[in-house]
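Chemist: Sharing a structure here in structure tokens format.
Rule-based calculations on the coordinates, nothing more; no lab input. Treat the numbers as computed from the prediction; the structure is a model and nothing was measured. All Cβ positions, glycine included, derive from the backbone under ideal geometry; neighbour counts span all protein chains shown.
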Amino acid sequence: MKSGVALLCGLMFGAGLMISGMTEPQKVLGFLDILGPWDPSLIVVMAAALVVTFAGFMAVRRRATPLFAATLAWPSNREVDTPLIGGAALFGIGWGLVGLCPGPAIADLSTGSSPIVLFAGAMAAGMVARNLMNRRRATTDASAPEPG
């Protein structure tokens with residue numbers, strides 16, 4: 001059941017990306033280029049996403065238990081730290097340079113476009129590198145002597 005719901009959500013998300021034009025790098029770059037021929041149409045997409053997300057969060061917050069999981073899993077870390085700022089900066093730089101973020105890049109893989117495949121491959125390599133860094137850090141932290 002969980003896999004079916006995840007598939008349905010992914011299909012709806014991908015369809016929304018395609019209908020809104022978010023899978024078209026030129027449209028996204030037109031939105032981000034505020035000094036050139038600016039295309040403000042993606043503001044509507046972002047506003048609609050905020051409304052739907054806000055409504056969804058409010059509905060979930062009223063429930064004692066989730067529909068398709070054993071417990072609610074709200075994030076516990078609310079700290080704005082260096083990894084958060086660095087990740088947001090890298091995301092923004094990548095989005096601004098090529099007009100793609102992870103969701104649209106994955107949806108665009110079906111086109112077989114070389115730049116899209118290269119972007120998605122670099123994105124995957126970055127994810128693998130970050131996971132390896134986290135594992136190495138956890139191993140180092142676990143083997144370090146306790147202070148005192």
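Chemist: What is the one condition in (1) touching a helix residue (DSSP H, G or I) at 6+ places or on another chain (Cβ under 6 Å); (2) loosely packed, with under 10 Cβ neighbours inside 10 Å that Phe68 does not satisfy?
Modeler: Result: Phe68 fails condition (2) only.
Chemist: Same structure again: For the condition surrounded by 11 or more Cβ atoms within 10 Å (Cβ to Cβ) and basic (Lys, Arg), what is the one hit in Arg130, Arg136?
Modeler: Testing whether each residue is surrounded by 11 or more Cβ atoms within 10 Å (Cβ to Cβ) and basic (Lys, Arg) leaves just Arg130.
Chemist: Here is a list of conditions, (1) among the small types (Gly, Ala, Ser); (2) within 23 Å of Gly126 (Cα to Cα); (3) without any contact (Cβ under 8 Å) to a residue 24 or more places away in the chain; (4) surrounded by 10 or more Cβ atoms within 10 Å (Cβ to Cβ), and Gly112 meets all of them except one; can you say which number that is?
Modeler: Every condition holds for Gly112 apart from (4).
Chemist: May I ask you to verify whether Gly121 is surrounded by 12 or more Cβ atoms within 10 Å (Cβ to Cβ) and either touching a residue at least 40 places away in the same chain (Cβ under 8 Å) or touching a helix residue (DSSP H, G or I) at 6+ places or on another chain (Cβ under 9 Å) (or both)?
Modeler: The answer is no for Gly121.
Chemist: Looking at Asp108, Asp39 in this structure, which one is touching a helix residue (DSSP H, G or I) at 6+ places or on another chain (Cβ under 8 Å), among the acidic types (Asp, Glu) and in a loop (DSSP other than H, G, I, E, B)?
Modeler: That would be Asp39, the only listed residue that is touching a helix residue (DSSP H, G or I) at 6+ places or on another chain (Cβ under 8 Å), among the acidic types (Asp, Glu) and in a loop (DSSP other than H, G, I, E, B).
Chemist: Can you tell me which residues in the stretch 68-105 are in a loop (DSSP other than H, G, I, E, B), touching a residue at least 60 places away in the same chain (Cβ under 8 Å) and over 15 Å from the mean Cα position of the chain (by Cα)?
Modeler: Phe68, Ala69, listed by residue number.
Chemist: Take the residues in the stretch 106-148 that are closer than 26 Å to Leu17 by Cα and of a type in the set (S, T, N, Q); name whichever of them is nearest to the chain's Cα centre (by Cα).
Modeler: Ser110
Chemist: If you scan the stretch 1-42, which residues turn out to be surrounded by 11 or more Cβ atoms within 10 Å (Cβ to Cβ), farther than 30 Å from Phe68 by Cβ and among the small types (Gly, Ala, Ser)?
Modeler: Listed by number, the residues that qualify are Gly21, Gly30, Ser41.
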